[in-house]
1. FRET efficiency for Glu9 and Arg134, Cβ-Cβ distance as r, R0 = 41 Å, nearest 0.05?
2. For Met82 and Leu105, compute 0.36 nm times the residue count separating them, minus their Cα-Cα distance, and round to one decimal in nm.
3. Separation between the Thr27 and Asp58 pseudo-spin-labels, each 7 Å from Cα along Cα→Cβ, expressed in nm?
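A short reminder: the numbers here are calculations on the coordinates, not readings from a lab. Remember, predicted model here, so these are calculated numbers, not experimental data. When we count neighbours, we look across all protein chains shown, and the Cβ atoms used for this are built from the backbone with ideal geometry, even at glycine.
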Amino acid sequence: MPGDYTKEETDAILARAVELHRGERTTHEELVAAAGEVGVSPEAVEKAAAEVLGGRRDREALAAQRARARRHFLAHLVPFVMVSALLGFINYLTTSFPWALIVMLAWGVGLASHLLAVVLPDPEEQLRRIERERRREERRPVRVSTAEPKARLAPPGHDGDAEEEEEEAGASARRGTR
């Protein structure tokens, strides 16, 4: 068995050995330790892990974007079918001129264009959209819930309803209404 191995063979052998030794999952610390044993620096492992996980994140974002595009197409298709059926029925009842076909053809061109965008997406446009979403996520501030409790108890001797009525009366007086 000894000999020189190609890069692909080395990758396959090491991956299989780790799988046999530790099962399906490996922690990051175990990966860094195993790589250190064969002479790979922790920095190289960190960089490789970032690239692999970045690729996984991109694939997941792309899959989510494609699923969203299919849902949007279906949200376009359903009204088209329903409205076309209704217009066809009205056209059948009212006149012999097929005016409903004109509407269906015009709307159908837009629907066909939407279908082509879903089935044959532009890869560059998809990457731009993913990057835009990523930048938007980075700019979005983390929201902390500052919601007040729904019901506040009034201190003893105070009627909460009376205070609310006084506040409303003051607000009405400021606006000049009652």
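1. The formula returns an efficiency of 0.70 here.
2. Going from the current span to full extension adds 6.8 nm.
3. 3.0
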